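Visitor: Please see the structure below; I have some questions.
Please treat every number below as a calculation from the coordinates, not as lab data. Keep in mind the model is a prediction, meaning the values are calculated, not measured. Reconstructed Cβ throughout: ideal geometry from the backbone, glycine too, with neighbour counts over all protein chains shown.
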Amino acid sequence: MKFKAVASTTRGSEKLGPAWFDHSLPGCGTKCKASPNDPPVGEKVYVWKPMPDVMYNSQSGLCTPGSFLQSGTFGTALAPSSTEGDLFVPSSCDTSDGFTYVTSGAQYACLMVSYTPMHYFSARDFCLSFGAHLYVGRSMAKLNLLPHGTRFFIGLTDIATEGRFVWQDTGYAITATFKKQIFNADEPNNKAGEDCVSIIAGGSHANGIDIYCGSEKSAVACERPFLK
């Protein structure tokens with residue numbers, strides 16, 4: 001299990017339960033996802049739900065589950081100090097081959113981008129060679145995890161049925177509402193052969209256009225499924 005340091009203003013250092021020592025961050029994360037079994041009679045038991053974050057101090061080895069930290073909306077006063085430790089979230093993103101765990105709010109992805117322009121089919125095969133697929137964003141929030149200002153191919157086409165745009169990973173079609181969010185006002189214009197989609201992330205609309213799969217080029221965004 002890999003971990004990524006995160007900044008947080010809603011996790012604080014007012015401990016609500018015990019902490020312990022561990023020699024490594026992975027060990028800390030593993031313990032924080034476990035539940036105590038058959039404690040000695042009379043021992044106080046803390047029951048918690050597994051939380052996605054832990055606080056770990058690499059100098060002292062102090063390990064604290066996220067569920068044992070105060071949570072609230074009081075701003076930076078809640079954030080752990082640098083002497084107490086850093087907050088980490090588990091990342092099952094395979095970060096080999098240039099892939100990176102990216103997150104914003106509730107959205108996250110295991111992402112790799114190439115700024116070398118490619119045709120759609122070359123882009124699709126490029127991603128597949130890394131055990132990935134072209135980027136799938138079923139919400140504007142997730143689409144906006146992509147670097148802003150660059151036009152990328154995404155895993156959305158109407159190759160099978162004209163006008164029915166489906167995601168590469170599942171084959172599910174997008175809704176009419178989301179279609180309006182992705183595409184520019186005059187798009188998709190359904191010209192013959194314009195079956196592939198490229199977007200520019202960074203706003204409430206994705207500046208999407210349908211383009212020729214085999215003759216027009218865009219940068220490429222690949223997404224790896226998370227490891228289980």
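Visitor: Provide the gained length on full extension for the span Glu162 to Phe130, in nm with one decimal, where the gain is 0.36 nm per separating residue minus the Cα-Cα distance. Write down the numbers at each step before the final one.
Guide: On the way: separation 32, 0.36 × 32 = 11.52 nm, distance 2.91 nm.
Taking 0.36 nm per residue and subtracting the Cα distance, the gain is 8.6 nm.
Visitor: Multiply the residue separation of Leu62 and His23 by 0.36 nm, subtract the distance between their alpha-carbon atoms, and state the gained length in nm to one decimal. Let's see the in-between values first.
Guide: Working: separation 39, 0.36 × 39 = 14.04 nm, distance 0.88 nm.
Net length gain for the segment: 13.2 nm.
Visitor: What FRET efficiency comes out for Thr116 versus Ser96 if R0 is 22 angstrom and r is the Cβ-Cβ distance? Round to the nearest 0.05.
Guide: Numbers: r = 19 Å, r/R0 = 0.87.
Efficiency for this residue pair is about 0.70.
Visitor: Further, regarding this structure: At what distance in nm do the modelled label points of Thr170 and His205 sit from each other, each positioned 7 Å from its Cα along Cα→Cβ?
Guide: A separation of 2.5 nm, rounded to one decimal place.
Visitor: Grab the alpha carbons of the range 159-228, take their convex hull, and tell me the volume per residue in Å³.
Guide: Values: hull volume 8.6 nm³, N = 70.
Cα-based convex hull of the range 159-228, divided per residue, equals 123 Å³.
Visitor: In addition: FRET efficiency for Ser81 and Ala141, Cβ-Cβ distance as r, R0 = 30 Å, nearest 0.05?
Guide: 0.45
Visitor: Ordered by residue, what ³J(HN,Hα) values in Hz, to whole numbers, does the range 108-120 give under the Karplus form 6.51 cos²θ - 1.76 cosθ + 1.60, where θ = phi - 60° and Gly and Pro are x?
Guide: Each residue's phi maps through the Karplus curve to give 7, 7, 9, 10, 9, 10, 10, 8, 7, x, 9, 5, 4 Hz.
Visitor: Also: I need Tyr56, Tyr172, Tyr135 ordered by Cβ neighbour count within 10 Å, fewest first. The partial results should precede the final answer.
Guide: Numbers: Tyr56 25, Tyr172 10, Tyr135 28.
With the fewest neighbours first, Tyr56, Tyr172, Tyr135 line up as Tyr172, Tyr56, Tyr135.
Visitor: Right, something else. Near the amide H of Val197, under 5 Å away, which other amide H atoms are found, from residues 5 or more places off or on another chain, if H is placed in the peptide plane?
Guide: Ile154, Leu156, Ile211
Visitor: Hey, another quick one. Taking Rh as the Kirkwood radius, which is the inverse of the mean 1/r over Cα pairs, what is the Rg/Rh value for the range 105-223?
Guide: 0.92
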